[in-house]
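Single-structure report; data block below.
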Amino acid sequence: MTAREVIELIKKNGGVPFNERSYRDTFKAGNPDDTVKGIATTMMVTWDMLKRAHAAGLNLVISHEDTWWNDRDDVKDLTDNPLYKLKNEWIAKNGMIIWRDHDHMHAMKPDFTVVGSLRSIGIKGGENDTMAPRIHTIPETTLGELAAQVKRVSGIRAFRCVGDPKARVSKILLGPGYATPRMTAEADVVIGGEQQEADGGFDNVEYVRDAASLGMPKGVIMLGHVVSEQPGMEDYAKWMRTFIPDIPIQFVPAEEPFW
Amino acid sequence: MELSRRRFALVAGSASVTQLGLAGAEPLTAEVVVRRVQAELGGDWAAAGADGFKAGDPATVVKGIATTSMATLDVLKQVAKANANLVLTYEPTFYGRGDGRAAAPGGGRGPGGVSADDPVFKAKNEFIEKNGLVVFRLRDHWQARKDNDMVTGLAAALGWSAHRVKTDDALYDISPATAQATVDLIRTKLNLRAGLRAVGDRKATVRRVLLHPGAMTPATMWQRYSTVDLIVAGEVREWENTFYAADIFTAGDKRALVTVGRVVSEDPGMRACADWLKTVVKEVPATWIGAGDPYWRPTA
């Protein structure tokens, strides 16, 4: 089976219309007509992840995020960049093929990035969640204990919390990746991947700082972009095995980059 | 339309205050201070720009000026305690680019802006009103200043002022140390908690550093990263600059990227702003109030 044929099967089995005009959901490197030996699903096409996929005998990488360090995977300013040249040559030499599934994946029901994110931090009941964020009510706890649970269950190192650790919280609003939802009147804690810290559409960090200063029980937990969405790529690999039973499919996580 | 009406009210307000003041001496209102700052900094102060009055009455007579990277409620409480009443803030006061007044695109998901009956927004406004504070955003014109105090301020906070390579760039040649040791020094000097995140080679020897307060774009990263040992930035997008640094690490390059938090990276530059203000407005004291690192993470 060729990479192109694999992608056609993904589009056919996704259960939602595939937007052929998406600039995100396209081949990013390699020859789509090469034969697929094995498939790696991941959150980000880091070079480190590519090397591990290659070592495992997998030559098609399906990633939720980009390869060339910008959302559009636009390489026009990178053609003379030494790192781009090295990584690109390595990809070509090793016959790797890269395809991105971003917009299509967020349109799917459920949205695996949301399902995986909730599961990875120990919040139950999100098995059918979609891209539209909704409140998850957990037994009342403190923001500090919730953060400790996130650390314990997910193993994420470099996440960041804002708000009073003693604040009593139970209503969680989660949006992984860069889709961190804005704080609402109903939510106690917003959990996201990353968000511009200030001067954006709605600055959660400042809002929660001020709420905490007023003694209102509000919090933000920023998990990190890749780690917040990555568990969903394991679900994606499982899902692919239901319609591609005869090619090895493995979840090959991108590394959490921070010390 | 809205702005021109406000402008008119401003002029009217200033006139009435002037009548109450001593003959010949113009009272030092917030509007007067701002006009002086605008004249000193120069440039075109477009009504539609980010800089401008965000809260309070510009006709208020100024007792003291406070500068900050972000006028959080905690900062405003310290302003009131310090008996200052005019705040110059680098970042927004009301949770986004629109500064509470209108929806703005970008940033997080969901509608931008903040509704007028939001309890946090209301309480902050009430605090400002009750304490007679005036808040003015000073970002574009402060960072456009030729001296670039956002960079020199950060260098001073890190103890690197004497190590600047040339005056028109943000490069510093510091005493060689490992990236790990340099990051530890930055954490201590800027009093950071979980806001600091580093990526790259901990063991790299750091001599040349690029300081970049605020947000750094991928284009800047791609151009500059390989020319230095360490970049110190406020914030970057993880899927762009962070993973560029991660890939360079995989390639075996010995360098590192550390982000300290956007607002924290802008704190020292606004401290420099307070020092500068003392030379422009001598009638009242000018003090700096740091917004600090908002982030923590559990230790256990």
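Structure data summary
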quantity	calculated
A:ASP33 over 23 Å from A:ASP235 (Cβ atoms) and of a type in the set (Asp, Glu)	yes
Close pairs from segment B:201-224: first within 21 Å of B:ALA157 (Cβ to Cβ), partner open to solvent by 50 Å² or more (accessible area, probe 1.4 Å) and outside any strand (DSSP E or B), Cβ under 6 Å, at least 6 apart	B:LEU210/B:ARG224
Hits in segment A:120-143 (condition: open to solvent by 20 Å² or more (accessible area, probe 1.4 Å) and closer than 18 Å to B:TYR295 by Cβ)	A:THR142
Hey, A:PHE251 facing chain B (nearest Cβ under 9 Å) and of a type in the set (A, V, I, L, M, F, W, C) or not	no
Filtered residues of segment A:228-241 (kept if open to solvent by 30 Å² or more (accessible area, probe 1.4 Å) and in contact with a helix residue (DSSP H, G or I) (Cβ under 8 Å, 6 or more places away or on another chain))	A:GLU234, A:TRP239
Single condition A:ALA92 does not satisfy, out of (1) among the hydrophobic types (A, V, I, L, M, F, W, C); (2) closer than 30 Å to A:SER213 by Cβ; (3) in contact (Cβ under 8 Å) with a residue 40 or more places away in the chain	(2)
Test for A:ASP164: is it acidic (Asp, Glu), touching a Pro at 6+ places or on another chain (Cβ under 7 Å), in a loop (DSSP other than H, G, I, E, B) and without any contact (Cβ under 8 Å) to a residue 60 or more places away in the chain	no
Any hit, segment B:208-216, residues being at the interface with chain A (Cβ under 8 Å from one of its Cβ atoms), in contact with a helix residue (DSSP H, G or I) (Cβ under 9 Å, 6 or more places away or on another chain) and assigned to a strand (DSSP E or B)	yes
Any chance A:VAL115 is at pLDDT 95 or above, part of a loop (DSSP other than H, G, I, E, B) and among the hydrophobic types (A, V, I, L, M, F, W, C)	no
Number of the condition not met by A:ILE172 [criteria: (1) under 29 Å from B:MET221 (Cα atoms); (2) open to solvent by less than 40 Å² (accessible area, probe 1.4 Å); (3) among the aliphatic types (A, V, I, L, M)]	(1)
Search result, residues across segment A:180-221 that are in contact (Cβ under 8 Å) with a residue 60 or more places away in the chain and surrounded by fewer than 24 Cβ atoms within 10 Å (Cβ to Cβ)	A:PRO217
Number of the condition not met by B:LYS282 [criteria: (1) touching a residue at least 40 places away in the same chain (Cβ under 8 Å); (2) over 21 Å from the mean Cα position of the chain (by Cα); (3) more than 10 Å from chain A (Cβ to nearest Cβ); (4) surrounded by fewer than 24 Cβ atoms within 10 Å (Cβ to Cβ)]	(1)
Count - residues of segment A:10-35 that are in a loop (DSSP other than H, G, I, E, B) and among the basic types (Lys, Arg)	2
Residue among A:GLU127, A:GLU145 that alone is part of a loop (DSSP other than H, G, I, E, B) and on the phi < 0 side of the Ramachandran plot	A:GLU127
Some residue of segment A:109-119 being open to solvent by less than 40 Å² (accessible area, probe 1.4 Å), more than 20 Å from the chain's Cα centre (by Cα) and free of Cβ contacts under 8 Å to residues at least 24 places away in the same chain	no
Elements of type helices (runs of 4 or more DSSP H) in segment B:80-189, at least 3 residues being basic (Lys, Arg)	B:119-130
Some residue of segment A:155-174 being among the acidic types (Asp, Glu) and under 21 Å from B:ASP293 (Cα atoms)	yes
Residues within segment A:49-85 that are in a helix (DSSP H, G or I) and either at pLDDT below 95 or buried (at least 17 other Cβ atoms within 10 Å of the Cβ) (or both), tallied	7
Members of segment B:238-271 found to be of a type outside the set (S, T, N, Q), open to solvent by 10 Å² or more (accessible area, probe 1.4 Å) and either more than 18 Å from A:ALA158 (Cβ to Cβ) or at the interface with another protein chain (Cβ under 7 Å from one of its Cβ atoms) (or both), listed by number	B:TRP239, B:GLU240, B:ALA251, B:GLY252, B:ASP253, B:LYS254, B:ARG255, B:ARG262, B:ASP267, B:PRO268, B:ARG271
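Condition check ((1) of a type in the set (S, T, N, Q); (2) without any contact (Cβ under 8 Å) to a residue 60 or more places away in the chain; (3) touching a Leu at 6+ places or on another chain (Cβ under 7 Å); (4) under 17 Å from B:ASN125 (Cβ atoms)) across all residues:
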site: B:THR29; (1), (2), (3), (4): yes, yes, no, no
site: B:GLN38; (1), (2), (3), (4): yes, no, no, no
site: B:LEU41; (1), (2), (3), (4): no, no, no, no
site: B:GLY52; (1), (2), (3), (4): no, no, no, yes
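The values are calculated or read from the model by the stated rules, or taken from the named source; none is laboratory data. All of these numbers come straight from a predicted model, not from anything done at the bench. Cβ: placed from backbone, ideal geometry, glycine included. Neighbour counts: every protein chain shown. Surface areas here come from the heavy atoms of the whole protein model, side chains and all, with no ligands, DNA or RNA. Shrake-Rupley method; radii C 1.70, N 1.55, O 1.52, S 1.80 Å.
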